[in-house]
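Notes follow the structure.
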Amino acid sequence: MKGAILGDIVGSLYEFSSDKTKDFVFLTPSCHLTDDSLMTIAVGCACATSDITDKDSFQATLCRLMREIGNMYPYAGYGRGFYDWLTNEDMGPYNSFGNGSAMRVSPVAWAASTLHEAERLAKWSAEVTHNHEEGIKGAQAIASCIFLAKSGKSKEDIRKYVEKNYYSLDFTLDEIRPSYRFDVTCQSSVPQGIMCFLESESFEDAIRNAVSLGGDGDTIAAMAGSIAEACYGIPSELEDKILDYIDSDLIDYYNTYIDELY
């Protein structure tokens, strides 16, 4: 969860452009939270304050919190379909397969006690907006990687699970980096986010991998960071920086899920 937020903050300067290098200043005063962090916090609060064994309770709480937090920050970088959903309480899911479902999913893996529960909660969290099968698949893939990593599984175990159940990972970052471009679909950004973790040597390295691809930098970094946190942990000097980017209007929401799930 914190890993997703840090990935988003670092990647916020590179959402639409990157020099395709891992050599960049990791955190600057110009970095900021985007929709990725805001919706991750909303999912975390829903996990902390609802009955996660009850679909209706969880989804009702999640929708309320996503709209509550989202409308506090109307210019956070939402896609058009999601912004319409945020501002219309009567609007239901809109069959999206964008990577919004995967960027926000990380808290469910920490709330879950089994892999099956993590994947079930990922589905529930996705389908309130991203009810296309690819939108659900992307969320479940990221959640399963996080759960497996926090359970001590090896990178090879995680790779095999993803390839068996979700995506082919028959590429390397060096192979795709020259031609990879901005793409907000799950099917063309979630596997890349997972590979940024699998090829990493540390938490920071996973996020640097993500930014170096030059695609949807904040979201790929949020996905890679969320898995990397579960594997490596977060260096305290980086973890402490999160609060520098969270304003007073958001801090209570952030603390609600941090206090409950960490």
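The values are calculated or read from the model by the stated rules, or taken from the named source; none is laboratory data. Predicted model, so just to flag it, every value in this text is computed and none were measured. Cβ coordinates were reconstructed from backbone atoms using ideal geometry, including for glycine residues, and neighbour counts include every protein chain displayed.
Take residues that are among the charged types (D, E, K, R) and crowded, with 17+ Cβ neighbours inside 10 Å and tell me which of the helices (runs of 4 or more DSSP H) falling wholly in region 98-165 contain 2 or more.
Details: elements: 100-103, 106-111, 115-127, 133-150, 155-165.
Passing ranges, in order: 115-127, 133-150.
Taking residue 197, is it surrounded by fewer than 16 Cβ atoms within 10 Å (Cβ to Cβ), without any contact (Cβ under 8 Å) to a residue 60 or more places away in the chain and among the aromatic types (Phe, Trp, Tyr)?
Working: surrounded by fewer than 16 Cβ atoms within 10 Å (Cβ to Cβ): no; without any contact (Cβ under 8 Å) to a residue 60 or more places away in the chain: yes; among the aromatic types (Phe, Trp, Tyr): yes.
Criteria not met by residue 197.
Only one residue in 200, 101 is within 19 Å of residue 232 (Cβ to Cβ), among the polar types (S, T, N, Q) and in contact with a helix residue (DSSP H, G or I) (Cβ under 8 Å, 6 or more places away or on another chain), so which one is that? Working first, answer last.
Working: 101 fails: within 19 Å of residue 232 (Cβ to Cβ).
Of 200, 101, the one residue that is within 19 Å of residue 232 (Cβ to Cβ), among the polar types (S, T, N, Q) and in contact with a helix residue (DSSP H, G or I) (Cβ under 8 Å, 6 or more places away or on another chain) is 200.
Could you please let me know if residue 226 is under 30 Å from residue 72 (Cα atoms), modelled with pLDDT of 95 or more and either part of a loop (DSSP other than H, G, I, E, B) or in contact with a helix residue (DSSP H, G or I) (Cβ under 8 Å, 6 or more places away or on another chain) (or both)?
Details: under 30 Å from residue 72 (Cα atoms): yes; modelled with pLDDT of 95 or more: yes; either part of a loop (DSSP other than H, G, I, E, B) or in contact with a helix residue (DSSP H, G or I) (Cβ under 8 Å, 6 or more places away or on another chain) (or both): yes.
Yes, satisfied.
Hey, residue 76 hits all of (1) part of a helix (DSSP H, G or I); (2) within 19 Å of the chain's Cα centre (by Cα) but one; which does it fall short on?
(1)
Report whether or not residue 88 is closer than 25 Å to residue 31 by Cβ and not hydrophobic (A, V, I, L, M, F, W, C).
On the way: closer than 25 Å to residue 31 by Cβ: no; not hydrophobic (A, V, I, L, M, F, W, C): yes.
In short, no.
Kindly provide the set of residues from region 2-24 that are of a type in the set (A, V, I, L, M, F, W, C) and out of contact with any Cys (no Cβ under 9 Å at 6 or more places or on another chain), ordered by number.
Going residue by residue through region 2-24, those that are of a type in the set (A, V, I, L, M, F, W, C) are 4-6, 9-10, 13, 16, 24.
Within region 2-24, 4, 5, 6, 16, 24 qualify.
Could you figure out which of (1) aliphatic (A, V, I, L, M); (2) closer than 23 Å to residue 225 by Cα; (3) surrounded by fewer than 23 Cβ atoms within 10 Å (Cβ to Cβ) isn't true of residue 6?
It fails just one condition, (3).
Considering only residues that are among the aromatic types (Phe, Trp, Tyr) and closer than 14 Å to residue 36 by Cβ, which ones fall in region 184-232?
Answer for region 184-232, where residues must be among the aromatic types (Phe, Trp, Tyr) and closer than 14 Å to residue 36 by Cβ: there is none.
Considering only residues that are over 15 Å from the mean Cα position of the chain (by Cα) and either assigned to a helix (DSSP H, G or I) or charged (D, E, K, R) (or both), which ones fall in region 1-45? Working first, answer last.
Keep residues of region 1-45 that are over 15 Å from the mean Cα position of the chain (by Cα), which gives 13-14, 16-32.
Within region 1-45, 13, 14, 19, 20, 22, 23 meet the criteria.
I need the full set of residues from region 203-243 which are among the hydroxyl-bearing types (Ser, Thr, Tyr), buried (at least 19 other Cβ atoms within 10 Å of the Cβ) and over 12 Å from the mean Cα position of the chain (by Cα), in order please.
212
Give me the pairs, please: first residue somewhere in region 66-90 and at positive phi and surrounded by 13 or more Cβ atoms within 10 Å (Cβ to Cβ), second residue anywhere and part of a helix (DSSP H, G or I) and among the charged types (D, E, K, R), beta-carbon distance under 7 Å, and either six or more positions apart or on two chains.
77/35
Any residue in region 176-192 that's assigned to a helix (DSSP H, G or I): show its pairings with residues that are of a type in the set (Val, Ile, Thr) at Cβ separation under 8 Å, as long as the two are six or more apart or on different chains.
Qualifying pairs under 8 Å: 190/142; 191/162; 192/176; 192/220.
Among the residues of region 9-31 satisfying the criterion of being over 14 Å from residue 204 (Cβ atoms) and of a type in the set (D, E, K, R), which is surrounded by the fewest Cβ atoms within 10 Å (Cβ to Cβ)?
Filtering first and then ranking leaves 19.
Of the residues in region 166-175, how many are part of a helix (DSSP H, G or I) and of a type in the set (D, E, K, R)?
Looking only at region 166-175, we keep the residues that are part of a helix (DSSP H, G or I), and these are 173-175.
Applying the additional criterion that residues be of a type in the set (D, E, K, R) yields 174-175.
Number satisfying all stated conditions: 2.
Report every pair of residues separated by at least 6 positions or lying on different chains whose Cβ atoms are under 7 Å apart, first residue within region 237-255 and in contact (Cβ under 8 Å) with a residue 24 or more places away in the chain and within 15 Å of residue 6 (Cα to Cα), second assigned to a helix (DSSP H, G or I) and among the hydrophobic types (A, V, I, L, M, F, W, C).
238/6; 242/5; 242/6; 245/9; 254/41
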